[in-house]
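Asker: Take a look at the following structure, please.
The values are calculated or read from the model by the stated rules, or taken from the named source; none is laboratory data. Since this is a predicted model, take the numbers as computed values, not measurements. Ideal geometry is used to build each Cβ from the backbone, glycine not excepted, and the neighbour counts take in all protein chains shown. Note: areas computed on protein heavy atoms with side chains; ligands, DNA, RNA excluded. Shrake-Rupley method; radii C 1.70, N 1.55, O 1.52, S 1.80 Å.
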Amino acid sequence: MQKIAMIGFGNVGQGLADILVEKKAKLKRKQGYEFKVVAISDFKLGSVYDPDGLNLKRVLDAVRKRGSLDAYKGGTHGWDALRTIRESNADTIIELAFTDLKTGQPAIKHCREALKLGKHVVTSNKGPAALAYPSLARLAKKHDARFMIEGTVMSGTPVLNVGMNDLAGNDFTSIQGILNGTTNYMLSEMEKGADYETVLKKAQDLGYAEADPTGDVEGVDAAGKVTILANMFMDAGIRPEDVKRKGITKITPADIEKATKEGKRWKLIGTVRRKRTGTLEASVKPIALPLSDPLAGVMGPVNAVTFDSDLLGKVTVIGPGAGRIETGYSILTDLLAIERSGK
């Protein structure tokens, strides 16, 4: 019986809770997986702890109708994130708190505290994954715990687990991909004839792009994901600022038209590559790919990653890279992986 504490209960946390409510019986029947969510702590919504397990339907009702975990009847209220990690009887911590991506805090602190106690950590938070993966992975190994981050790169699409498990034993010469769905949607729309400003507004209207789209269009989000891939699969030991970065803001309709005439298509591509000298280079930049490249056919708000491996050649994984339920699903896959590991 896996005992879970959730740190952060925004869209992703509530999406996961919806999945766990809906799939609980099937998960037990098909996977032999049983769980209890014993604690939830959220900076804005409050907190609740019950060592015997919370009723997730009532938790969701309290948050969605009353706007607070304190409206949940029963349990202990008032614990902050660190107390929840330290004093709850959870063996697995799901870290979903809002995080400053420049420092990775407070998520890195939460992850370290849990791992030092020998508690497993699952997160879709890019802060710990991009800024502290090597040290957190070492800490997890030292304390016989797992540090799981599937949802940090392509949401629920299992790119990290594919690389670590299904492609285990390979050496990777390069990993490159479409790591930001917003910019891929925008480039797809520009190919239909619209200019940059028009497609940006459309992306914002659809909720793909933020009011301040800098993180997407300047490649900041993609650079964080390149960092995760580089450190996880190629032992790069880099930080996001080490990734050479250029966004899509300078691409014009003329550039799109020229690429089309040449049988190519513009994509914002994140790459980590091992050069012949043995050194690694990591970058995010627009590239006009030939239409024969699998990444060239990935259109709309979709992500994809191509692993170039010594034993199997090129393997491409394509799927959604964002979404409340999709990211919640990524957390579930990591929870199941921990359970199967027997730890």
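Asker: Can you confirm whether region 269-288 contains a residue that is in a helix (DSSP H, G or I), of a type in the set (S, T, Y) and open to solvent by 20 Å² or more (accessible area, probe 1.4 Å)?
Answerer: No, the conditions are met nowhere in region 269-288.
Asker: Next question, about the same structure. So, in region 226-259, how many residues would count as being under 20 Å from G278 (Cβ atoms) and small (G, A, S)?
Answerer: 3
Asker: Could you tell me whether region 79-87 includes any residue that is at pLDDT below 95 and aromatic (F, W, Y)?
Answerer: There is no residue in region 79-87 that is at pLDDT below 95 and aromatic (F, W, Y).
Asker: Identify, by number, the condition in (1) in contact with a strand residue (DSSP E or B) (Cβ under 7 Å, 6 or more places away or on another chain); (2) closer than 17 Å to I338 by Cα; (3) not in a loop (DSSP other than H, G, I, E, B) that K28 doesn't meet.
Answerer: That leaves (1) as the condition not met.
Asker: While we're here: Please determine, by comparing only the residues of region 194-207 that are more than 18 Å from G321 (Cβ to Cβ) and part of a loop (DSSP other than H, G, I, E, B), which one is least open to solvent (accessible area, probe 1.4 Å).
Answerer: Per the stated criteria, the residue is A194.
Quick grid of which residues meet (1) touching a residue at least 12 places away in the same chain (Cβ under 8 Å); (2) of a type in the set (A, V, I, L, M, F, W, C); (3) touching a Pro at 6+ places or on another chain (Cβ under 6 Å); (4) farther than 22 Å from T214 by Cβ:
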{"residue": "G247", "(1), (2), (3), (4)": "yes, no, no, no"}
{"residue": "E262", "(1), (2), (3), (4)": "yes, no, no, yes"}
{"residue": "L280", "(1), (2), (3), (4)": "yes, yes, no, yes"}
{"residue": "P301", "(1), (2), (3), (4)": "yes, no, no, no"}
{"residue": "V305", "(1), (2), (3), (4)": "yes, yes, no, yes"}
{"residue": "L335", "(1), (2), (3), (4)": "yes, yes, no, yes"}
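Asker: Then there's this: Just for region 166-191: of the residues that are of a type in the set (D, E) and touching a residue at least 60 places away in the same chain (Cβ under 8 Å), which one is surrounded by the most Cβ atoms within 10 Å (Cβ to Cβ)?
Answerer: Taking the candidates together, the pick is E191.
Asker: Look at region 143-165 and say how many of its residues are assigned to a helix (DSSP H, G or I), surrounded by fewer than 22 Cβ atoms within 10 Å (Cβ to Cβ) and in contact (Cβ under 8 Å) with a residue 24 or more places away in the chain.
Answerer: Qualifying residue count for the region: 3.
Asker: I would also like to ask the following. Can you name the condition, by its number, that E197 falls short on among (1) more than 28 Å from G127 (Cα to Cα); (2) in contact with a strand residue (DSSP E or B) (Cβ under 9 Å, 6 or more places away or on another chain)?
Answerer: (2)
Asker: Among the candidates T123, T99, T76, which residue alone is in contact with a Cys (Cβ under 8 Å, 6 or more places away or on another chain) and of a type in the set (S, T, N, Q)?
Answerer: That would be T123, the only listed residue that is in contact with a Cys (Cβ under 8 Å, 6 or more places away or on another chain) and of a type in the set (S, T, N, Q).
Asker: Here's another thing I want to ask about it. Looking at (1) farther than 21 Å from P213 by Cα; (2) touching a Leu at 6+ places or on another chain (Cβ under 6 Å); (3) not in a loop (DSSP other than H, G, I, E, B), find the lone condition where T183 falls short.
Answerer: T183 satisfies all of (1) farther than 21 Å from P213 by Cα; (2) touching a Leu at 6+ places or on another chain (Cβ under 6 Å); (3) not in a loop (DSSP other than H, G, I, E, B) except (1).
Asker: Turning to a different aspect of this structure: Cβ-Cβ distance below 6 Å, separation of 6 or more or different chains: which pairs start in region 21-33 with a residue that is under 17 Å from K57 (Cα atoms) and end on one that is open to solvent by 70 Å² or more (accessible area, probe 1.4 Å)?
Answerer: V21/K57
Asker: Collect the residues in region 208-238 that are under 18 Å from the mean Cα position of the chain (by Cα), buried (at least 16 other Cβ atoms within 10 Å of the Cβ) and of a type in the set (D, E, K, R), keeping them in residue-number order.
Answerer: D216, D221, K225 - these are the residues of region 208-238 that are under 18 Å from the mean Cα position of the chain (by Cα), buried (at least 16 other Cβ atoms within 10 Å of the Cβ) and of a type in the set (D, E, K, R).
Asker: Additional query: Suppose we filter G156, G193 for residues that are on the phi < 0 side of the Ramachandran plot, in contact with a helix residue (DSSP H, G or I) (Cβ under 9 Å, 6 or more places away or on another chain) and of a type in the set (G, A, S); which single one remains?
Answerer: None of the other options fit; the residue is G156.
Asker: On the basis of being in a helix (DSSP H, G or I), out of contact with any helix residue (DSSP H, G or I) (no Cβ under 8 Å at 6 or more places or on another chain), among the hydrophobic types (A, V, I, L, M, F, W, C) and at pLDDT 95 or above, does L311 make the cut?
Answerer: no
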